[in-house]
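Colleague: Please find one structure pasted underneath; my questions will follow.
The values are calculated or read from the model by the stated rules, or taken from the named source; none is laboratory data. Treat the numbers as computed from the prediction; the structure is a model and nothing was measured. Cβ: placed from backbone, ideal geometry, glycine included. Neighbour counts: every protein chain shown.
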Amino acid sequence: MNKTLLYFTLGAIAGYFSSNLVHHLTDESSIEQQASQQEQVKKTITKKVEHIQTSPQQPSTELGLNKPKNKSHTSSSKVNELEKQIISLKKANDRLKRQYQKQSNHINTLTHEIESIDESEITDAQMVALKSDGFEKFRRQFRGKQRDDIYQFHQEEADLNWGYNMQTALSDFIQTHLNASYIRLHDVTCKINRCELLVTQLEQNAWESIMKDITKQPWWRFRSTHSSSMSGDSNHLSFYLYLIE
């Protein structure tokens with residue numbers, strides 16, 4: 001009787017725990033399933049949200065890509081317009097330079113004529129005796145104030161400051177020019193803002209090319225140029241230049 005009651009009690013207890021265990025396991029399985037389902041739903045919703053957020057941005061993205069192209073096109077147009085303006089200004093500047101040079105040459109010619117009218121006390125013999133270098137006849141043909149200036153120039157002592165520096169600059173440029181082999185530089189003398197150049201041209205237009213380039217140098221600041229040319233025995237043109245800064 002006691003054993004039967006004991007077995008019954010143990011069986012009831014075992015059944016209770018077994019039932020609770022099965023119920024507990026069932027609850028855990030159900031919870032896991034629900035969690036899994038929630039996770040799937042969450043992923044699905046996230047994907048839909050991302051799709052919705054991405055889709056409207058595509059047109060704006062395309063517009064964003066087009067903006068740099070439009071900016072690039074605008075910048076290119078501005079650059080082209082500026083280049084055209086620069087070319088136009090350069091042409092206008094060159095035209096003004098030619099006009100200025102033409103007027104300057106005309107003024108120099110008039111000045112030369114006016115100064116030649118003035119009387120000079122320096123005789124032809126004195127001009128010829130200044131220097132024996134083959135260019136005596138060039139100096140002799142100057143008249144009036146120009147004759148006085150050239151005569152005075154040769155009476156002055158050597159200028160070791162400005163004169164030496166300018167003399168070196170002129171000589172170096174002429175002797176290193178592309179047409180240097182087509183001319184003969186006889187002498188360059190500079191004294192206190194004045195220079196005397198003696199040149200013979202061996203090929204046509206060679207000296208003209210050198211003069212065109214030398215006047216573009218930053219150190220060339222001569223405001224007046226008195227020049228004379230004539231053919232020698234070999235039919236080569238010789239040039240005498242008296243420059244005043």
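Colleague: Identify, from the list Q152, Q201, the residue that is of a type outside the set (G, A, S), surrounded by 15 or more Cβ atoms within 10 Å (Cβ to Cβ) and closer than 19 Å to T225 by Cα.
Modeller: Only one candidate passes the filter, namely Q201.
Colleague: I've got another one for you. Among the listed residues S181, S234, S229, identify the single one that is under 22 Å from Q146 (Cβ atoms), small (G, A, S) and either touching a strand residue (DSSP E or B) at 6+ places or on another chain (Cβ under 9 Å) or free of Cβ contacts under 8 Å to residues at least 40 places away in the same chain (or both).
Modeller: Answer to the check: S229.
Colleague: Answer yes if at least one residue in segment 174-184 is at pLDDT 95 or above and assigned to a strand (DSSP E or B), and no otherwise.
Modeller: Yes, segment 174-184 contains a residue that is at pLDDT 95 or above and assigned to a strand (DSSP E or B).
Colleague: Please state which one of E39, E119 is touching a helix residue (DSSP H, G or I) at 6+ places or on another chain (Cβ under 8 Å), acidic (D, E) and modelled with pLDDT under 90.
Modeller: E119
Colleague: Mind checking which residues of segment 121-160 are acidic (D, E) and either closer than 13 Å to E196 by Cβ or not in a loop (DSSP other than H, G, I, E, B) (or both)?
Modeller: D124, D133, E136, D148, D149, E156, D159
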